[in-house]
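Trainee: Okay, handing you the structure first.
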Amino acid sequence: MTPARYRTRMTELLGIRHPILCGGLMYLADATYVAAVVNAGAMGFITAKTFPDPGAFRAELQRCAELTGGKPFGVNLYYSPRPEANEVLRGHTEILLGEGVRILETSGLPPKEVLPVLKDAGCTVIHKVSTVRHALSAQKLGVDALSVVGAECGGHPGIQLVGTMVQGLVAAQKLRLPLAIGGGIGHGAQIVAALAFGADAVILGTRMTVAEEIWAHAAYKERLIEANETDTVLVLQTLRNTYRALDNDTARAVADVEATGTTEYEHYAPLIAGALQKQAYQTGDWNKGILSVGQSAAFADAVQPVAAILDQLMAEAAEAERRLAGVAATG
């Protein structure tokens, strides 16, 4: 297993060997995957909403603690603009605190209401946003660290669509908290670039979905391996809820609805239901549902164990450093 190469504020904050966060993946980030990430020296996050049943959620946390041998791991809490979608998180927050989880990735709406509870319990809270403006607001709330993702990311890249090359550097210049940057990141050279910007870590999503420990169907992973940087599309901009997804039949059907100009959610609901996404992972039918895929699919070139992927990333980072040394002026 690759030894530590970098020491940053994020590795110190979370007690991890590599400056890598593997963000929550809806339906996919379970105990098996997250434990593999933690055991390989990075930080992973079980997605709370993947396990709506309280008993199943508690069992998943306990299983992850067993698989990590007691090493800390994280949980993702996504706060939707729809209040009814967040009800499950009230009980889940009590459960995770009771099970000793103290590292949280929050995303979606800022965690205003729950933050005092989490801080009183001694939690480390990393809030994920898609703009520097929102990051600055979250910093004022009192979170411990920030993740800022650019337009290349899968899922929700925001509506301003600023690329990681610009937004990552702006974030590093303007924020004072430990910072992870993401969006299209899936190669070790990008880790070196992120650290050069002044960031403390990178956050990975799509790059990790071909990991052996991800339970998704082999046919889905094979589609990602075949994909390149042009195989995603942006949908739901009409609803001001921009989403980067795999270019598939469902995404094109959503685009057809958008072309009519309608902003009524019920016209989109049958196409964007989360259950379809889960079915795609289960069956391998990658044309089903709006599937969160970022442009870093270009780097997802083989199904490998999590540890092997992270080792590859760190080897690529070392090679990038050598390349920089080779072009440095000597006189």
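Each value in this text was obtained by applying a stated rule to the coordinates, not by laboratory testing. What you see is a predicted model, and the numbers here were worked out from it, not measured in a lab. Using ideal geometry, Cβ is built from the backbone for each residue, glycine included, and neighbour counts are taken over all protein chains shown.
Trainee: Among the residues of the stretch 147-190, how many are in a loop (DSSP other than H, G, I, E, B), among the β-branched types (Val, Ile, Thr), more than 22 Å from residue 316 (Cα to Cα) and out of contact with any Gly (no Cβ under 8 Å at 6 or more places or on another chain)?
Mentor: Number of matching residues: 1.
Trainee: Counting just the residues of the stretch 307-331 that are small (Gly, Ala, Ser) and assigned to a helix (DSSP H, G or I), which one comes out surrounded by the most Cβ atoms within 10 Å (Cβ to Cβ)?
Mentor: Top of the filtered list is 317.
Trainee: Out of all the residues in the stretch 141-148, is one or more buried (at least 18 other Cβ atoms within 10 Å of the Cβ) and over 24 Å from residue 174 (Cα atoms)?
Mentor: No, the conditions are met nowhere in the stretch 141-148.
Trainee: Residue by residue through the stretch 219-250, note down the ones that are in a helix (DSSP H, G or I), over 19 Å from the mean Cα position of the chain (by Cα) and within 16 Å of residue 287 (Cβ to Cβ).
Mentor: Residues satisfying the conditions are 219, 222, 223, 226, 249, 250.
Trainee: Filter the stretch 214-260 for residues that are among the basic types (Lys, Arg), in contact (Cβ under 8 Å) with a residue 40 or more places away in the chain and under 22 Å from residue 158 (Cα atoms) and give the result.
Mentor: Within the stretch 214-260, 240, 244 meet the criteria.
Trainee: Across the stretch 163-184, which residue is nearest to residue 127 (Cα to Cα) among those that are more than 17 Å from the chain's Cα centre (by Cα) and among the hydrophobic types (A, V, I, L, M, F, W, C)?
Mentor: Top of the filtered list is 177.
Trainee: For the condition crowded, with 24+ Cβ neighbours inside 10 Å, small (Gly, Ala, Ser) and in contact with a Ser or Thr (Cβ under 9 Å, 6 or more places away or on another chain), what is the one hit in 151, 138?
Mentor: None of the other options fit; the residue is 138.
Trainee: For the stretch 272-297, which positions are part of a helix (DSSP H, G or I) and over 21 Å from residue 19 (Cα atoms)?
Mentor: Selection gives 272, 274, 275, 276, 277, 278, 279, 280, 281, 282, 283.
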